[in-house]
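All of the numbers you see were taken from the coordinates with simple rules; none came from a lab. Just so it is clear, the model here is predicted, and its values are computed rather than measured. So basically every Cβ, Gly included, is an ideal-geometry build from the backbone, and we count neighbours across all protein chains shown.
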Protein chains: 2
Amino acid sequence: MTNFARATNATPMPAISSKGRLMPPSPIRKLVPYAEAAKKRGVQVIHLNIGQPDIATPDVALDAMRKLDRKVIEYSHSAGFESYRKGLAAYYAEHGIAITHEQIIVTNGGSEALLFGMMSCFEPGDEVIIPEPYYANYNSFAVSAGVKVVPVRCTIADGFALPPIQAFEALITPRTKGILICNPGNPTGYLYSRAELETLRSIVLKHDLFLFADEVYREFCYDGAVHVSALALDGLDQHAVLIDSVSKRYSMCGARVGAFITRNTELLQTAMKFAQARLSPPTFGQLASEAALRTPKQYFDDVVAEYVQRRDILVDGLNTIPGVICAKPKGAFYCVAELPIDDSDAFCQWLLESFSHEGHTVMMAPATGFYAEPATGRTQVRLAYVLEQPQLKLAVECLREALAVYPGRLAPANAAVVESR
Amino acid sequence: MTNFARATNATPMPAISSKGRLMPPSPIRKLVPYAEAAKKRGVQVIHLNIGQPDIATPDVALDAMRKLDRKVIEYSHSAGFESYRKGLAAYYAEHGIAITHEQIIVTNGGSEALLFGMMSCFEPGDEVIIPEPYYANYNSFAVSAGVKVVPVRCTIADGFALPPIQAFEALITPRTKGILICNPGNPTGYLYSRAELETLRSIVLKHDLFLFADEVYREFCYDGAVHVSALALDGLDQHAVLIDSVSKRYSMCGARVGAFITRNTELLQTAMKFAQARLSPPTFGQLASEAALRTPKQYFDDVVAEYVQRRDILVDGLNTIPGVICAKPKGAFYCVAELPIDDSDAFCQWLLESFSHEGHTVMMAPATGFYAEPATGRTQVRLAYVLEQPQLKLAVECLREALAVYPGRLAPANAAVVESR
């Protein structure tokens, strides 16, 4: 964590807010200066630290920009262009999600949808249960809204499956107001089964909680697995909120176009007031996103086939390294690996500062940022398989060599303890 | 205000948050359904209600989209593309503002810059003094951050000049943490003099407050008046925050590209954590904004000349209507007019619902939304002169006719009372 001791300014300055001090720095980006230094030394850094795919954005989306025929780049409706929302409603219908365009607010990425949801649903001090490890930025939105994240632990031994219903029941207090899931999951790649979602449904209804479902990786399901949306569950019209984004679907992270979707009218009207305050989501990104709705099915088939190959190379490769455990994910393009190391922050920094193998090293995200209590993730890392296959093969070899020489490597006995947790 | 009584849902639902209930609906957009109904009846609505200019976006910005040569629309740096920030630093240098690219965070419009600032600087319950009338959405960002807006009243009789320093001193409490100005001002068009800014400087330094300066209308200064930035004042490096946006400058409101700028390193690092949480500002909008930095000076000269003519038509025209008072603004493209009416919300709605003049009517923003206490603005409206001159002439004639027949018109005696306030 950054040191927030007051700077020694020449002149006095007003104090920074408590939220500002509490807000965590990005665990994914904090190693960037070390990566830059490595590159300056001539080391080639293989970036598995961030979910920025190298997959091409669909031509149909880029063509919408190239054929732009507007004279004035105006605000859109605060909920987004009606034509785009109607297109989205049709897209969801194809995915078994019955939603009208009036139940959709287009947002500045999934990030803003999460912020609108947290602000609209929760009081400062309210508790939201999140299966962990979870997407690090959930902590940031929780800090913004003053919400307390209550983690429910998933284990690598279970492949990061949903914990049993009793684990949730044990965490529910009078302040519990919601459950937040990411499905398929970042950072684990875990895809919830229908049975697991029914479990969540029953908890939500029993305790009258909001269920936020971050489904931005919907298209990325492997091995014949089928995605089940929270909005496809019965009886959750007043409880379920779908968080979505075009970032990963069309490899268009920079478009900053997401969506906040619910059938709960009062909640939708509330979120709409937050949307009006920031006037509109981005016009260019919406034009590209609306065009992207015409992306041919072949594009997704090709992308999924590519990701399956990448996953197999990375995960199977990692599991051949002594002391490494990595569950095979059924979705998204991340995996969490358990390593025989003392401290993942130190290891990831060491890889950039002190290691190279045939001129290469690997950049990963320490899993400490993906747990409510950072120490829980100290022997795990998150890897994003967003690069071409030869790069992934090279990354596995780098890690194999690195773990053989890393000074903080755990002895086999200790490693076994880690494995059995 | 919207009625936030709990909806009578068939199934129970968890409660909406207090912030969600407190968040004001947009006062600018709440009349939209009445405008839509008027259009359906065949009435032509002249839109002076919203700051969406009809001015063409510079070709150089649109060409950047048309010549897009990227294959993947990636995230940018969370602070925005470095090349764009370097271009911005050069732009500010030309405007007498010494800033490095590392003191700039590119945001999703000025809106997000304000939210980052409020979240980073203020505790829930802290007080921020804002000269009123002020941009309505400041209330929304204050609600998001739990901040209390303390208005300091500007009067139409003084042309909405900054109140004397004593008026500020009288409002300062131990919870006062900042002052927020909009310069040139929305909704008043008032441009602060250097002397007024020096007054603000002395208050800020005396009480160790943050000074937020929303300067998104910097280019729109008339009659030879010169804009003075808060960042051009001496000794405010730890206190001043510049809020900026390309929305109005390049008539590119839909780009959603703004900036949070400060020389206060600790504050910048804090805001940067909020920026990292939402990953990046929009890539397309940044590409267009970076290209827009090459907009020729002639573009601005032409736009300013056009706005001066529009302003004169609208403001001079309004002042010929009996009982109407409108100060002549020196900047931006808004004015606030005092009307001889009972209630500006009722009047603006009546214009859309029950009035037309030769097939036309006018849509304006009731000033109730621009005051901390809505009742203060009940005899005022905000008009945006963002349409072509013939439309503005027609708008004046519509208002003249409307005020002659409006059932809620104040009698001349009452009107005189209003004028003298």
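The charge dipole of segment A:59-292, taken about the Cα centre with unit charges on the Cβ atoms of Lys, Arg (+1) and Asp, Glu (-1), comes to about 500 debye, rounded to the nearest 20.
Seen against the Cα atoms of chain B and their longest principal axis, helix B:297-311 is set at about 20 degrees.
Taking a Cβ cut-off of under 10 Å around B:Val386, the surrounding Lys, Arg, Asp and Glu residues balance to a net charge of 0, with basic ones at +1 and acidic ones at -1.
Using only the C-alpha atoms, the convex hull of chain B corresponds to 169 Å³ per residue. Ordered by the count of other Cβ atoms within 10 Å of each Cβ, fewest first, A:Tyr91, A:Tyr192 give A:Tyr91, A:Tyr192.
The residues packed around B:Leu88, meaning those with a beta-carbon under 12 Å from its beta-carbon, carry a net charge of -2 if Lys and Arg are +1 and Asp and Glu are -1.
Relative contact order of segment B:59-292, taken over Cα pairs closer than 8 Å and 6 or more residues apart, is 30 percent. Taken about its Cα centre, chain A carries a charge dipole of roughly 940 debye when the Cβ of each Lys and Arg holds +1 and the Cβ of each Asp and Glu holds -1.
Using the Cβ of A:Ile130 as centre and a radius below 14 Å, the other residues enclosed give a net charge of -2, where K and R count +1 and D and E count -1. Going by neighbour counts of Cβ atoms within 10 Å, the residues A:Ile99, A:Ile243 line up, fewest first, as A:Ile99, A:Ile243.
Suppose R0 equals 41 Å; then what is the FRET efficiency for B:Val304 and B:Asp69 from their Cβ-Cβ distance, rounded to the nearest 0.05? E(calc), rounded to 0.05, equals 0.75. Past the 25 Å Cα-Cα mark, which pairs from B:Lys19/B:Lys330; B:Lys40/B:Lys328; B:Lys248/B:Lys328? As for pairs spanning more than 25 Å Cα to Cα, those are B:Lys19/B:Lys330; B:Lys40/B:Lys328. Considering only B:Arg278, B:Arg311, B:Arg249, the mean-square fluctuation computed in a Gaussian network model of chain B, springs between alpha carbons under 10 angstrom, is largest for B:Arg278.
Tell me, what is the FRET efficiency for A:Asn319 and A:Gln389 to the nearest 0.05, using R0 = 22 angstrom and their Cβ-Cβ distance as r? That gives a FRET efficiency of 0.85.
Remark: the Cα gyration tensor places the protein assembly as shown in the prolate category, a/c being 1.5 or greater and a/b exceeding b/c. Note on B:Glu358 and A:Asp208: with the Förster distance fixed at 51 Å, the Cβ-Cβ geometry gives a FRET efficiency of about 0.35.
Build a GNM of chain B with springs between Cα atoms under 10 Å apart, and of B:Ser18, B:Ser344, B:Ser251 the one that fluctuates most is B:Ser18.
Counted over segment B:59-292, the DSSP beta bridges are approximately 35% antiparallel.
Between copies, the label points of B:Gly159, set 7 Å from Cα on the Cα→Cβ line, lie 7.4 nm apart, reported in increasing order to one decimal in nanometres. Listed by chain and number, the lysines placed with their C-alpha closer than 20 angstrom to that of B:Lys67 are A:Lys67, A:Lys71; residues fewer than eight positions away on the same chain are left out. Among A:Asp244, A:Asp342, A:Asp223, the order by Cβ neighbours within 10 angstrom, fewest to most, reads A:Asp223, A:Asp342, A:Asp244.
Estimated purely from DSSP H runs of n ≥ 4, each contributing -39500 (n - 2.57), the mean residue ellipticity at 222 nm for the protein assembly as shown is -11000 deg cm²/dmol once divided by its residues. In this simple spin-label model, placing a label point 7 Å from the Cα along the Cα-to-Cβ direction at both B:Glu169 and A:Ala37 gives a separation of 5.3 nm.
For chain B, modelled as a GNM whose springs connect Cα atoms under 10 angstrom apart, the maximal fluctuation among B:Ala402, B:Ala37, B:Ala213 occurs at B:Ala37. Quick one: helix B:82-94 against the long Cα principal axis of chain B, what's the angle to the nearest 10°, folded into 0 to 90? For B:82-94 against chain B, the angle is about 60 degrees. The length gained by stretching the chain between A:Thr376 and A:Ala15 to full extension, at 0.36 nm per residue less their Cα-Cα distance, is 126.8 nm.
Spatial offset of segment B:292-309 relative to segment B:86-153 amounts to 25 Å, using the alpha carbon center of each.
Remark: for residue pairs A:Lys148/B:Lys206; A:Lys177/A:Lys273; B:Lys30/B:Lys393, the C-alpha separation exceeds 29 Å in A:Lys148/B:Lys206.
Helix B:265-277 versus the longest principal axis of chain B: what is the Cα-based angle in degrees, 0 to 90, to the nearest 10? Helix B:265-277 and the main axis of chain B meet at about 80 degrees.
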